[in-house]
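One structure is given below, encoded as structure tokens.
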Amino acid sequence: MKIAVLNGSPEGKNGNGHRFFLRFVKKHFKRHDLEVIFLNSKFAAKKLKKQLNDVDAFLIITGTYWDSWGSPLQKFFEEMTPYEGSSLWLGKPVMPIVLEHTVGGKGVLSRLMGVLNTLGAFVPPMSGMVYSLAETQKKKKTSQSQDFWSRDDLAVIIHNFISSISISKKIKFKTWAVDKKNPRKIWVE
């Protein structure tokens, strides 16, 4: 299975998202072909579209920036809008991971899952998480600790994500009609 790892953070290779991926996520995908794409570098949408058409799933990592995902990820969504409901997205499982310094990550995760679903991607249950600086600062375990995402949750999230890849190939998803000719046309009169 081929999985595109989309790093949507402005820092790219030098940020916390990539470091988190390398230290904690990558080891769970030893039997998978991972293609890491840093969206903070320049990319040609048509070339990237061809590249992404061939993947089976998407793992997306971004930080939280002013209650949103990274600007490279936003630019990516804007460039990929013409492919809404196409084979690039339709039925392909997604696993978003959002990092946050202090707050806002859960809102970003929820909105991100909604955008991905609207593009046509398959959002499996319990397939995303928020990892916080606060998690790294925990010194003691309490009865409340289990209510917060931790690196230990990656095993569950990755299991659901990988399981959904084979399931999604068996489902014949349909798409609603979308303007694929000119999604940026001027419509305000």
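The values are calculated or read from the model by the stated rules, or taken from the named source; none is laboratory data. Note that the structure is predicted; figures quoted are calculated from it, not measured. Every residue, glycine among them, receives a Cβ derived from its backbone with ideal geometry; neighbour counts consider all protein chains shown.
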(request) Taking the residues in region 111-134 that are of a type in the set (S, T, Y) and outside any loop (DSSP other than H, G, I, E, B) as candidates, determine which candidate is farthest from the chain's Cα centre (by Cα). (result) S132
(message) So in region 78-87, with the set limited to residues that are free of Cβ contacts under 8 Å to residues at least 40 places away in the same chain and within 23 Å of G12 (Cα to Cα), which one is surrounded by the fewest Cβ atoms within 10 Å (Cβ to Cβ)?
(response) E78
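Which of the residues that make up region 166-189 are modelled with pLDDT under 80 and either under 16 Å from A121 (Cβ atoms) or among the charged types (D, E, K, R) (or both)?
In the first step, residues of region 166-189 are kept if they are modelled with pLDDT under 80; the result is 179-184, 187.
Selection gives D179, K180, K181, R184.
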(request) Sort out which residues of region 96-115 are within 15 Å of I157 (Cβ to Cβ) and of a type in the set (A, V, I, L, M), and write them in order of number. (result) I97, V98, L99, L109, L112, M113
(request) Kindly indicate which of D56, D33 is surrounded by 15 or more Cβ atoms within 10 Å (Cβ to Cβ), over 23 Å from K106 (Cα atoms) and touching a Lys or Arg at 6+ places or on another chain (Cβ under 6 Å). (result) D56
(message) When you scan region 96-110, do you find a residue that is modelled with pLDDT of 95 or more, exposed (fewer than 15 other Cβ atoms within 10 Å of the Cβ) and in a helix (DSSP H, G or I), even just one?
(response) yes
(request) Please state which of the following conditions W89 fails to meet, knowing it meets all the rest: (1) outside any helix (DSSP H, G or I); (2) over 21 Å from K181 (Cβ atoms); (3) in contact with a strand residue (DSSP E or B) (Cβ under 9 Å, 6 or more places away or on another chain). (result) (2)
(message) Taking the conditions exactly as written (among the aromatic types (F, W, Y), closer than 22 Å to R19 by Cβ and at pLDDT 90 or above), does F122 satisfy them or not?
(response) no
